[in-house]
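Novice: Sharing a structure below in structure tokens format, with a few things to ask.
Every number here is computed from the coordinates shown, using simple stated rules; none is lab data. Since the model is a prediction, treat every value here as computed from it, not as a measurement. For neighbour counting, all protein chains shown are included, and Cβ atoms are generated from backbone atoms with ideal geometry for every residue, glycine included.
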Amino acid sequence: MEEESRQKILEIWRKLVSSERMALIRYGEFLLHQQEAKSPAPMEEPVILPAPPGETAIQAMKRLKKSYAMMETDAGMLDEASQLMTRRIMGAADAEVIPLIEELFQRRYQLWLQKRQG
């Protein structure tokens, strides 16, 4: 079954144009984040993991998702993150995009705290 699913995804991928492939990637990442959000009980305070030397925007996104494990990824955050990743794909440097990703997570964390505090 797994190999069958893999082949089906590849078949679909090959038929898509570039922009539709990016949409498929974003949707897959969204599903992955939803799955990760269902992990063990979230903590209240973020544990900001240090950025490794030469970190890419994708690595930063993964690092910050782990750092802010208590937050669920909603459609708004996914949209903002997708826009930032698109900037990177369109030629912006990782060093330009990573601070914006960090700012996104910090801002979303503050909103998350406000909602929890009523």
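Novice: Under a plain spin-label model, where a point goes 7 Å from the Cα along Cα-to-Cβ, how far apart in nm are Ser18 and Arg107?
Specialist: 2.7
Novice: What value, in deg cm²/dmol to 500, does the helix sum -39500 (n - 2.57) over DSSP H runs of n ≥ 4 give at 222 nm once divided by the residues of the chain? Can you show the working numbers first?
Specialist: Details: 5 runs with 84 residues, N = 118.
Helices in the chain give a 222 nm mean residue ellipticity of -24000 deg cm²/dmol.
Novice: If you project the alpha carbons of region 2-117 onto the principal axes, what extent comes out on each, in Å, largest first?
Specialist: Ordered largest first, region 2-117 gives principal extents of 46, 33, 25 Å.
Novice: What is the helix-to-structure angle for 94-117, meaning the angle in degrees between its Cα long axis and the longest Cα principal axis of the chain, kept from 0 to 90 and rounded to the nearest 10?
Specialist: Tilt of helix 94-117: around 60 degrees.
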